[in-house]
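Below is one structure, written out as structure tokens; comments come after it.
The values are calculated or read from the model by the stated rules, or taken from the named source; none is laboratory data. In this text, all values refer to a predicted model and were calculated from it rather than measured experimentally. Positions of Cβ are generated from backbone atoms using ideal geometry, with glycine treated the same way; all protein chains shown enter the neighbour counts.
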């Protein structure tokens with residue numbers, strides 16, 4: 001359920017900690033702490049706040065999107081998962097989408113499709129779908145991505161399989177899918193020949 005500014009003002013009162021101040025405290029804590037557990041907890045909280053559009057202006061002023069994007073390359077897979085969740089919650093907004101694309105968000109997100117964590121992969125697929133624009137579509141539906149989606153579509157995990165199927169049906173042309181299947185078949189054939197020859 002989304003909040004309104006009036007509801008938040010009434011809830012916090014004239015002397016309560018405002019939403020912007022609270023989010024600022026979270027960002028500062030993330031930047032200052034050396035504890036991975038604390039970083040994860042803060043990033044998860046920020047990802048949850050990113051769900052409510054009333055927080056978008058605050059998130060932009062505090063550079064929270066940069067914090068999420070930077071965290072995509074973290075060695076802690078749980079932090080990466082929270083970062084993809086935060087980006088997923090933010091990128092439906094037009095201003096946020098433009099900013100994420102300008103910061104090469106697609107390039108930063110693509111490696112997350114290979115994560116061993118189901119939620120990270122699902123978040124990443126959703127992000128890519130939300131980030132599709134006429135300008136970004138070519139990068140988001142490049143051959144390697146389509147090939148990855150074909151593999152995910154064959155997953156025994158129905159959540160991954162169904163999401164990949166939606167991506168392929170809604171964002172890829174039949175020609176792109178056919179080309180990815182052709183290249184994949186050639187690679188499999190080369191792999192068989194190589195293994196038989198050793």
Assuming residue 84 fulfils every condition listed in (1) under 30 Å from residue 36 (Cβ atoms); (2) outside any helix (DSSP H, G or I) apart from one, which condition is it? (2)
Evaluate the stretch 28-45: report whether one residue or more is assigned to a helix (DSSP H, G or I), modelled with pLDDT of 95 or more, crowded, with 16+ Cβ neighbours inside 10 Å and under 13 Å from the mean Cα position of the chain (by Cα). no
Among the listed residues 152, 168, 186, identify the single one that is exposed (fewer than 13 other Cβ atoms within 10 Å of the Cβ), without any contact (Cβ under 8 Å) to a residue 60 or more places away in the chain and not assigned by TED's automatic domain parsing to the domain that holds residue 91. 186
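Yes or no, residue by residue, for (1) over 14 Å from the mean Cα position of the chain (by Cα); (2) part of a helix (DSSP H, G or I); (3) not assigned by TED's automatic domain parsing to the domain that holds residue 29:
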{"site": "74", "(1), (2), (3)": "no, no, no"}
{"site": "95", "(1), (2), (3)": "yes, yes, no"}
{"site": "101", "(1), (2), (3)": "no, yes, no"}
{"site": "107", "(1), (2), (3)": "no, yes, no"}
Among helices (runs of 4 or more DSSP H) completely within the stretch 111-164, the ones holding 3 or more residues that are in contact with a helix residue (DSSP H, G or I) (Cβ under 8 Å, 6 or more places away or on another chain) and under 25 Å from residue 48 (Cα atoms) are 118-130
